[in-house]
Each structure stands twice: as structure tokens, then as C-alpha cells.
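A short write-up of the structure that comes next.
The values are calculated or read from the model by the stated rules, or taken from the named source; none is laboratory data. Remember, predicted model here, so these are calculated numbers, not experimental data. Glycine gets a Cβ as well: all are built from the backbone with ideal geometry, and neighbour counts include every protein chain shown. All accessible areas refer to the heavy atoms of the entire protein, side chains included, with ligands and DNA or RNA removed. Shrake-Rupley method; radii C 1.70, N 1.55, O 1.52, S 1.80 Å.
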Amino acid sequence: MTDKIVRATAAQEHIRAFAVDSTDMVREAREIHHTFPVVTAALGRLLSAGAMMGSMMKGEDDLITITVKGDGPIGSITVTADSHGNVKGFPGNPSVDIPPRIEPDSGAVKLDVGGAVGSGILTVSMDLGLKEPYNGQVELQTGEIGEDLAYYFTVSEQTPSAVALGVMVGTDSSVLHSGGFIIQLMPDAPEEVIAALESKLAGLDPVTTLMERGLGPAEILELVLGDLDLIVTEEKPIRFHCNCSRERVSHALATLNTADLKSMIDDGEDIEIKCFFCNSAYKFGPDELKEMLAQRGE
Ligand code: ZN
């Protein structure tokens with residue numbers, strides 16, 4: 001596993017930055033969910049963002065969930081991350097096959113993530129151990145995910161941000177590269193810092209093109225922020241990881257109402273419950289369901 005996240009500051013802490021290599025994570029997500037290329041790209045972009053946004057949280061048990069819900073054929077994409085680099089996610093519909101998009105300027109052929117996602121809402125929900133989770137919501141701008149998140153940070157968190165996310169899918173549908181960065185301006189960043197950053201970003205190649213040239217997350221940040229006194233503050237591994245277990249699923253089952261449990265028992269067959277995030281299947285027999293009822297005295 002070579003996936004990692006790099007955190008950095010620049011311009012005397014007027015800028016904070018995050019960059020990831022999420023290639024292995026997105027390969028794993030593709031295997032788990034059997035995603036078609038455009039879905040691999042959409043889910044992969046959101047997984048990269050999740051890894052970076054998870055690492056923005058400070059608490060041991062903090063969790064962030066990002067949901068992109070559009071009217072396109074994917075339906076919705078959900079990603080959950082913790083602050084330790086564990087990220088998981090799933091698409092509403094993994095089998096989307098739509099024609100690619102041709103870039104008007106360059107003529108380049110791109111997976112049409114925006115078309116697969118459609119118009120809709122981006123929701124960010126943070127469970128920071130407080131009574132109520134924090135919820136932020138914005139309308140999707142393009143459905144390309146990077147631009148939607150940049151808009152979210154600017155509007156909902158009042159933090160102007162540049163978000164670049166990319167997944168390069170090969171002709172055989174395999175994941176060649178996946179990564180991205182988030183660069184954020186802290187309050188009262190001087191005009192000359194903003195101008196310098198903007199001009200750097202304007203001439204920058206797509207993240208996956210940089211990765212194809214062999215650049216890792218730290219080198220990509222160096223390329224953008226090297227002239228602005230970049231200081232890398234942390235580098236750590238990230239991974240696709242689901243924390244589901246038989247015990248957790250069993251707890252969820254036990255919260256079903258008595259009538260539902262009884263009807264499952266009457267069917268007399270094993271029931272199988274699949275985890276949305278990692279597709280692990282858990283089987284429960286009628287006897288185990290009876291035991292659940294017995295434990296609540298029914
Ligand atoms: Zn799971």
C-alpha cells in the first residue's frame with residue numbers, strides 16, 4: 001500500500017494544504033463495488049476528498065460523511081472518513097455507462113462525471129462528539145465533485161479553497177492513478193499571497209497528469225506552493241477500511257420492531273444483510289432472530 005496524505009502550510013500559515021495519493025484505495029473500491037469507469041472516477045474523487053476532509057478533524061472519534069446526491073444515473077455517492085486515514089464509500093448505482101465528454105478547448109476525452117452525477121445537493125455531515133452533528137449543504141455546481149467541494153468550502157465554511165481531484169482510468173477499466181489536493185486560504189491572507197496562488201493554479205496540469213509523471217502528493221504541493229515557503233507538517237498512510245462487523249449488524253437487526261423480526265422468523269430462512277460500504281455479507285438464522293426477541297422478553 002502506498003496511499004498517503006500529506007499536510008502542509010505555506011505563506012506563513014496563511015495557506016493550509018492537503019494532498020493525497022489514493023490509487024490503492026480507489027482500486028479496492030472498484031473491486032468491492034464492481035464500478036464502471038465513470039463511477040470509479042466519481043467515487044474515487046469523493047474518496048480522495050473524504051481522506052483529506054477526515055484529516056481536517058481533530059478528535060479521535062470524529063467522523064465525516066460526504067454525500068453527493070444528484071439526478072444523474074449514479075443516484076448518490078456516500079463517503080465516510082475518520083481522522084486516522086480510514087475511508088469508505090459506495091455509489092448508488094455502480095453500473096453507469098454514459099458516453100465520454102470531449103473537452104471543447106483541448107479535444108481531450110474525459111469520463112463524464114458531471115453527467116453521471118447530474119444536478120442536486122452536496123451534504124457534509126460531521127459527527128464531532130457533540131449532541132448534534134454539524135451539517136452543511138450546498139447545491140452541486142457541476143457534479144464534477146472537485147468544483148462542488150470548492151464551492152462548499154467557500155460558501156458553507158467561509159474558507160476559499162482550491163480543490164483538485166482526479167482518477168485516471170485505463171482502457172481496461174483499471175485504476176491507473178487517483179489523487180488530489182485541497183488548498184485553503186486562511187482568514188486575512190494578503191492579496192499578494194492570493195494572487196501568487198491563483199497564478200500557480202491557473203497553469204497547473206491535472207493531478208493525474210502530474211502523478212503519471214511520477215509526482216507524489218508532497219511533490220505536487222511543492223509544485224504549487226514551493227515559492228510560498230511550503231512546510232510539510234505531516235505525512236501518513238490512508239486506506240479503504242470498513243469497520244462493520246457481525247456484532248454491529250446484529251445490533252442494528254435487534255433494533256427492528258417485533259413484527260418485522262417475527263415475520264422473518266416465520267419465513268424460516270436465513271437472512272443475509274450486506275454492508276453498503278464494503279459489501280460484506282452477514283447471515284442470521286431463524287434461531288438467532290428468536291434469541292433477539294427472547295432478549296427483549298418476547
Ligand atoms: Zn462494511
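Set side by side, the residues 253, 225, 261, 215 differ, and just one is assigned to a helix (DSSP H, G or I), away from the ligand (no atom under 14 Å from the Cβ) and at pLDDT 95 or above, which is 225.
The residue list 183, 194, 231 contains one member that is touching a Ser or Thr at 6+ places or on another chain (Cβ under 8 Å), away from the ligand (no atom under 16 Å from the Cβ) and farther than 30 Å from residue 111 by Cα, which is 231. Restricting 216, 143, 166 to those that are touching a helix residue (DSSP H, G or I) at 6+ places or on another chain (Cβ under 7 Å), at negative phi and either open to solvent by less than 50 Å² (accessible area, probe 1.4 Å) or among the aromatic types (Phe, Trp, Tyr) (or both) reduces the list to 166.
Within the stretch 139-150, not a single residue is under 22 Å from residue 279 (Cα atoms), in the same structural domain as residue 187 (by TED's automatic domain parsing), acidic (Asp, Glu) and not in a strand (DSSP E or B). Looking across the stretch 220-263, the residues that are within 21 Å of residue 47 (Cα to Cα), surrounded by fewer than 16 Cβ atoms within 10 Å (Cβ to Cβ) and not polar (S, T, N, Q) come down to 234, 235, 236, 237. Determine whether residue 75 is away from the ligand (no atom under 16 Å from the Cβ) and touching a residue at least 24 places away in the same chain (Cβ under 8 Å). No.
Name every residue in the stretch 234-243 that is at pLDDT 95 or above and within 12 Å of the ligand (Cβ to nearest atom), in order of residue number. Outline the logic, then answer.
Of all residues in the stretch 234-243, those at pLDDT 95 or above come to 234-242.
Within the stretch 234-243, 240, 241, 242 qualify.
Could you grab me the full set of residues in the stretch 85-99 that are open to solvent by 20 Å² or more (accessible area, probe 1.4 Å), in contact (Cβ under 8 Å) with a residue 24 or more places away in the chain and away from the ligand (no atom under 12 Å from the Cβ)? Those that are open to solvent by 20 Å² or more (accessible area, probe 1.4 Å), in contact (Cβ under 8 Å) with a residue 24 or more places away in the chain and away from the ligand (no atom under 12 Å from the Cβ): 93, 94, 95, 97, 98. Considering the stretch 273-287, the residues that are within 15 Å of the ligand (Cβ to nearest atom) and either free of Cβ contacts under 8 Å to residues at least 12 places away in the same chain or assigned by TED's automatic domain parsing to the domain that holds residue 88 (or both) include one that is least open to solvent (accessible area, probe 1.4 Å), namely 281.
Quick grid of which residues meet (1) at positive phi; (2) surrounded by 24 or more Cβ atoms within 10 Å (Cβ to Cβ):
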| residue | (1), (2) |
| --- | --- |
| 11 | yes, no |
| 29 | no, yes |
| 37 | no, no |
| 44 | no, yes |
| 59 | no, no |
| 80 | no, no |
| 83 | no, no |
| 108 | no, no |
